[in-house]
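The values are calculated or read from the model by the stated rules, or taken from the named source; none is laboratory data. Predicted model only: the values in this text are computed from it and were never measured. So basically every Cβ, Gly included, is an ideal-geometry build from the backbone, and we count neighbours across all protein chains shown.
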């Protein structure tokens, strides 16, 4: 503001000086900074990257305009974090839009999209030693050696307890009975499993902090931190205070968001073309923070997720955009590759590992990928199984398969933490796999793994680790263990190419078809298709603040399309007629507002579940289904005014719900939007175990859960 003196003529004819404050000019350019990143490359001029051991950070995609940054977490390493942050900084207010998507969702891995201030971070909490740890039903009670300094709502985990069931990768403090005791009942995965844990004789472990916003003093963070693709947790911090979470403060902080599932634009060999399903937006302003998401390339309305006005980051600071990809300290990761397993005519298997396994007697493991998975030999151990340690490279398992004298080779073990298994494992269901390493004409190295049954480990373009690949003669490694990318998958043949150039250079010479062992572990990848950041001027043009409903604060509106304004909502139209006679305007409205979409929740019975959902013209706006079965299930939708006759009537839609993998239910979501799919006669539904129109295979009770939104 600058003082300016003007002269005005007074009534007596004399000039009188009058001083007033002249406002500073308003910039005609409302957007101050425009940051756009399409990830055609990863420029050091735009980004600062810190990659953890075993993680991969690189640009990917080669078709259909799909170019995306892949941040792939190692399945071998816990307690790691990879970060990516902008070199540029931004002033509030800021609008952030990110096209983000993931290959899978796993409890214990956290992917944070955040706007944080550029000041030095607050000090990290050191791990807190535990003196006693017990659990009764769903309440975990922890006593600490010293004052813990925790508060309800704090995001934590447990690590190093000799009872692995207590090593929860992600918890939230529920209560503070005393300065040296706290309880926890839930975390981002929901309520913890009901179980009894007595205070172990061995190591009690320690409490670690899951740092919200990476310790930033001010900022907003959206974190994908559980095993559900449609969940995220939001945190807002101001002036170094506590982070205000979404969800339930002393329990599960996650809320529903648009799915992080990738869309495969082209499904063809050697074609890597993923795009996001949703765009995520974060808009911090001086007096509010709002987050939302919307389907990419869709006319559907955005979904508002969080609005906060009580806690807002400091608008006087500058901010940067940061991505953090974290493996928590108690994430279940791979432990060791297996050379051989033998049984001396009993069910007791003696394992020999290629390196120190780091186990102690009583530890719980899972095992995959032996060269002989017959029932009498070494079938996969898919549930947590205790070991007895003999030496740093040998241990026994009391019961694996049936009693026999047999030796098998290869595979990989993982020490199970907090009851959480590895996220996704693929193995050949026969005695070994056939492996072939070759070189394509363009110099690309290629590994083909052929088994007796179809592989189910990921889509073309997903990253995996191949582990424990040995020959079936003496257990010698074939030298192909490491990170690969799926190039093709045709039933029993899985074709892989090296995930990185560095790994390609480490591979051995080509070898012909070799009978071998091994397992394939899916890597969790965060994909960023684009980032757009604008900081802008917030120019107030609204009326003076007045109480809601204060008619004196109303602004006049001229309706141009006289005589009628037509507003459509769903299938019902209201018509507002504006009639003006002289200075008097009359407004009339005809029509009845549409009823909102009605949710229907279905929990499968041990039948084909045939039923009539709605009679008459019906609309389906959204559907989400999960399947805990070992084989796919099928939701069938019928265009009928009466309940469908399952096996006789022809469904109008067939929705495949994938099978569960490693204990994680398969999921399927369709979101046709506000207008939805229309069923002229009525909407009927069935759930069967087969895809054919005539199939009447019943699913199990509670196997399939369906929630759908429908409108009349």
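Side notes on the structure shown:
- Selected residue (only one of 299, 307 is surrounded by fewer than 17 Cβ atoms within 10 Å (Cβ to Cβ), in contact with a strand residue (DSSP E or B) (Cβ under 7 Å, 6 or more places away or on another chain) and either under 29 Å from residue 70 (Cβ atoms) or assigned by TED's automatic domain parsing to the domain that holds residue 93 (or both)): 307
- Residues satisfying the stated conditions in segment 317-360, i.e. under 15 Å from residue 416 (Cβ atoms) and surrounded by fewer than 20 Cβ atoms within 10 Å (Cβ to Cβ): 358, 360
- Identity of the residue in segment 623-644, outside any strand (DSSP E or B) and touching a strand residue (DSSP E or B) at 6+ places or on another chain (Cβ under 9 Å), that ends up surrounded by the fewest Cβ atoms within 10 Å (Cβ to Cβ): 642
- Flag if residue 150 is in a loop (DSSP other than H, G, I, E, B) and either free of Cβ contacts under 8 Å to residues at least 60 places away in the same chain or in the same structural domain as residue 200 (by TED's automatic domain parsing) (or both): yes
- Residue count, segment 466-487 (criterion: more than 33 Å from the chain's Cα centre (by Cα) and assigned to a loop (DSSP other than H, G, I, E, B)): 6
- Some residue of segment 580-597 being modelled with pLDDT of 55 or more, touching a strand residue (DSSP E or B) at 6+ places or on another chain (Cβ under 7 Å) and either closer than 24 Å to residue 303 by Cβ or assigned by TED's automatic domain parsing to the domain that holds residue 105 (or both): yes
- Residues satisfying the stated conditions in segment 333-363, i.e. touching a residue at least 60 places away in the same chain (Cβ under 8 Å), at negative phi and in a loop (DSSP other than H, G, I, E, B): 333, 354, 360, 363
- Meets criteria (surrounded by fewer than 18 Cβ atoms within 10 Å (Cβ to Cβ) and either within 25 Å of residue 379 (Cα to Cα) or assigned by TED's automatic domain parsing to the domain that holds residue 76 (or both)) for residue 459: no
- Any hit, segment 128-140, residues being at pLDDT 95 or above and in contact with a helix residue (DSSP H, G or I) (Cβ under 6 Å, 6 or more places away or on another chain): yes
- Test result for residue 175, in a strand (DSSP E or B) and touching a residue at least 12 places away in the same chain (Cβ under 8 Å): yes
- Residue in segment 689-700 that is free of Cβ contacts under 8 Å to residues at least 40 places away in the same chain, more than 26 Å from residue 420 (Cα to Cα) and surrounded by fewer than 17 Cβ atoms within 10 Å (Cβ to Cβ) present: yes
- Residues of segment 364-385 classified as part of a strand (DSSP E or B) and surrounded by 15 or more Cβ atoms within 10 Å (Cβ to Cβ), total: 9
- Filtering segment 403-419 to residues that are more than 23 Å from residue 515 (Cβ to Cβ) and either buried (at least 24 other Cβ atoms within 10 Å of the Cβ) or modelled with pLDDT of 95 or more (or both) leaves 403, 414, 415, 416, 417, 418.
- Enumeration of residues in segment 662-674 that are out of contact with any strand residue (DSSP E or B) (no Cβ under 6 Å at 6 or more places or on another chain), surrounded by fewer than 19 Cβ atoms within 10 Å (Cβ to Cβ) and either free of Cβ contacts under 8 Å to residues at least 12 places away in the same chain or more than 14 Å from residue 708 (Cα to Cα) (or both): 663
- Exactly one residue out of 189, 258 is under 24 Å from the mean Cα position of the chain (by Cα), within 25 Å of residue 669 (Cβ to Cβ), buried (at least 20 other Cβ atoms within 10 Å of the Cβ) and not assigned by TED's automatic domain parsing to the domain that holds residue 304, and it is 189.
- Failed item in (1) under 20 Å from the mean Cα position of the chain (by Cα); (2) more than 24 Å from residue 288 (Cα to Cα), with residue 87 passing the rest: (1)
- Number of the exception - residue 634 against (1) within 22 Å of the chain's Cα centre (by Cα); (2) modelled with pLDDT of 95 or more: (1)
- Taking segment 266-290 as the range and being within 13 Å of residue 68 (Cα to Cα) and either modelled with pLDDT under 95 or not in a strand (DSSP E or B) (or both) as the test, the residues that pass are 272, 273.
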